Amino acid sequence: MPGAIHAEGLVKTFGDVRALDGVDLDVPEGTVLGLLGPNGAGKTTAVRVLTTLLKPDSGRAVVAGLDVLKHPNEVRRAIGLSGQFAAVDEYLTGRENLHMVGQLYQMTSKAARIRAGELLERFNLAEAADRPAKTYSGGMRRRLDLAAALVVSPPVMFMDEPTTGLDPRNRQQLWDVIQELVAGGTTLLLTTQYLEEADHLAHDICVVDHGRVIARGTSDQLKVRTGGERVEVVVHRPDEIVPARAVLAGFGKGEVAVETHTRRLTVPVTGGAKLLAEVIRELDARGVEIDDIGLRRPTLDDVFISLTGHTAELAGERAGGAAGEGDGTAGEPAGEEAAK
Ligand SMILES: Nc1ncnc2c1ncn2[C@@H]1O[C@H](COP(=O)(O)OP(=O)(O)O)[C@@H](O)[C@H]1O
Ligand SMILES: [Mg+2]
C-alpha cells in the first residue's frame with residue numbers, strides 16, 4: 001500500500017524507560033489514525049521512529065511502502081512531518097521559511113512563492129509573514145511549522161500534537177485543513193491529548209499508555225466497549241459533592257468521576273430513566289440540591305478514564321503540567337537523541 005503506515009512490535013528504551021513497549025500500528029491508506037495518550041505515553045517516540053528520526057531497539061515499520069530502517073531517505077521524501085521538533089529557521093521570516101521548504105522539495109522559485117503565500121493566508125500568518133520567525137508567539141510558530149509540513153502535499157503525514165497551544169479558532173481552522181487533506185487522499189497519523197480532536201478527525205483511535213497500545217477501534221467502538229449510559233450530575237454547592245458521590249456510588253456500575261471545579265459527578269449505570277428517577281429521589285432525600293442531571297452516552301473522556309484511570313487533563317499534569325497557551329514546546333523531554 002503506497003500510502004499506508006504499518007508498524008509491528010516497536011520497542012524503544014531510554015535507560016530504564018520503555019518509551020515503546022511493543023507497539024503495533026496500522027493506518028490504511030487515506031485514513032486518519034489518532035494516537036491518544038497522556039504525556040509520556042510514547043506518542044512522540046512512535047512518531048520519531050516512523051519518520052526515521054529515531055531507530056527502534058526492535059520491531060519494524062513500513063511507511064508509504066518503504067521500510068523505515070532500510071530506506072530512511074526515501075521514506076523522508078514520501079512523508080510530511082509537523083510537530084514538536086519544528087524545523088523552523090528563527091532568523092528567516094515566515095514567508096522565507098516556507099519558500100525555502102518549497103525549494104528543498106525542488107519546486108520552482110515561483111511555485112514555492114505562490115504556495116508560501118497561500119499557506120500564510122490559510123494559517124492567519126499573512127500579516128506577520130515578513131517578520132523573522134523568532135518574533136512569533138508559540139502559537140504562530142506552531143502554525144508556521146504546520147504550514148511548512150504542507151508546502152508539498154505528501155501522501156503520508158505525521159502531526160505530533162498539532163493543535164497543542166492553539167486557541168479554539170486556530171484549532172478549528174487546522175481541523176478544516178486536515179479534513180481537506182484527508183479528503184484529498186492523504187494518510188495521516190496524528191497524536192493528541194485532546195479527546196475531542198481525535199473524536200472529530202480520526203477514523204481509528206489507538207490509546208497508548210506506558211509505551212503500549214491499551215485499546216484500539218473507532219471512537220464509537222471504544223465508547224460502546226466502555227459501557228452503557230452515564231448519569232451526570234452537577235450539584236449546586238461544592239460541599240454537596242461528597243454526599244452526592246455517596247449516592248451515585250450506590251447506583252453506579254463503576255467509579256464515580258468527580259470534576260471539582262465544575263461540581264460535576266459522573267458514573268456509569270444501567271437502568272435508564274427509571275434509575276435516573278431513583279437517583280433524583282435519593283439526592284433529594286439527602287438534601288443535595290442539583291443544578292443539572294441527565295443520562296448520556298459515554299464520551300471519549302469516559303473511555304480514557306476507564307482505560308487509564310485518570311482524565312486526559314490530569315494525565316497532562318502527571319508529567320509536570322500540560323502545554324500552556326501559546327507555548328508549543330511544553331511537555332517535551334529535554335536531551336534530543338539524534339538518529340544514527
Ligand atoms: N530522548 C529521550 N531521552 C530519554 N527519555 C526519553 C527521550 N524521549 C522520550 N523519553 C521518555 O520516553 C517516554 C515517552 O516519551 P514521549 O514519546 O515523548 O511521550 P509522549 O509524546 O506521549 O508525551 C517518556 O517517559 C519520556 O520521558
Ligand atoms: Mg509528545
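Measure out, as a whole number of angstrom, how far apart the alpha-carbon centroids of the stretch 82-135 and the stretch 1-67 sit.
Centre-to-centre distance over Cα atoms comes out at 28 Å.
How large is the charge dipole for the chain, taken about the Cα centre, if only the Cβ atoms of Lys, Arg (+1) and Asp, Glu (-1) carry charge, to the nearest 20 debye?
Computed charge dipole of the chain: roughly 660 debye.
Towards the positive end of the charge dipole of the chain, with charges on Cβ (+1 Lys, Arg; -1 Asp, Glu), say which of Asn39, His71, Thr226 has the farthest Cα.
The residue sitting most towards the positive pole is His71.
Which is farthest toward the positive dipole end of the stretch 228-297 among Ile241, Val258, Gly272, measuring Cα position about the Cα centre, with Cβ charges +1 (Lys, Arg) and -1 (Asp, Glu)?
Value: Gly272.
By counting other Cβ atoms within 10 Å of each Cβ, how are Ile5, Ile280 ranked from fewest to most?
Ascending Cβ contact count within 10 Å gives the list Ile280, Ile5.
Using unit Cβ charges (K, R positive; D, E negative) and no other charged atoms, how large, in debye to the nearest 20, is the dipole of the stretch 228-297 about its Cα centre?
Value, rounded to 20: 220 debye.
Give me the net charge for the shell around Val208: Cβ to Cβ below 10 angstrom, other residues only, Lys and Arg +1, Asp and Glu -1.
That works out to +1.
Sorting Val234, Val256 on the 10 Å Cβ count, fewest up front, what's the list?
Val234, Val256
Just Ala126, Ala246, Ala19 to compare: in a GNM of the chain, with alpha carbon springs under 10 Å, which one fluctuates most?
Ala246
When Lys134, Lys223, Lys12, Lys43 are ordered from fewest to most other Cβ atoms inside 10 Å of their Cβ, what list results?
Exposure proxy ranking, most exposed first: Lys134, Lys223, Lys12, Lys43.
Let me see the P(r) profile for the stretch 21-114: every Cα-Cα distance counted, bins of 10 Å, each bin given as a percent of all pairs.
13, 38, 32, 16, 1
Return the single residue from Gly94, Gly271, Gly37 with maximal mean-square fluctuation; model: Gaussian network over the chain, springs between Cα atoms under 10 Å.
Comparing Gly94, Gly271, Gly37 in the GNM, the peak value goes to Gly271.
Taking R0 as 41 Å, what's the FRET efficiency between Arg297 and Thr108 from their Cβ-Cβ distance, rounded to 0.05?
FRET efficiency, Arg297 to Thr108: 0.20.
List the pairs from Lys12/Lys223; Lys223/Lys253; Lys12/Lys70; Lys12/Lys134 whose alpha-carbon separation is above 23 Å, in the order I gave them.
Too far apart for the 23 Å limit: Lys12/Lys223; Lys12/Lys134.
Over the Cα atoms of the stretch 228-297, what radius of gyration and what Dmax do you get, in Å?
10.5, 29
Where in the stretch 230-255 is the amide nitrogen less than 19 Å from a point lying 7 Å along the Cα-to-Cβ axis of Ala273?
Output list for this probe position: 230-233.
Which whole number in µm²/s is D for the chain by Stokes-Einstein, with the Kirkwood Rh taken over Cα pairs at 20 °C and 1.002 mPa s?
99 µm²/s
Less than 13 Å Cβ to Cβ from Gly272, Lys/Arg counted +1 and Asp/Glu -1: what total charge do the surrounding residues give?
+3
Each value in this text was obtained by applying a stated rule to the coordinates, not by laboratory testing. As the structure is a prediction and not an experimental result, all values here were calculated from the model. Reconstructed Cβ throughout: ideal geometry from the backbone, glycine too, with neighbour counts over all protein chains shown.
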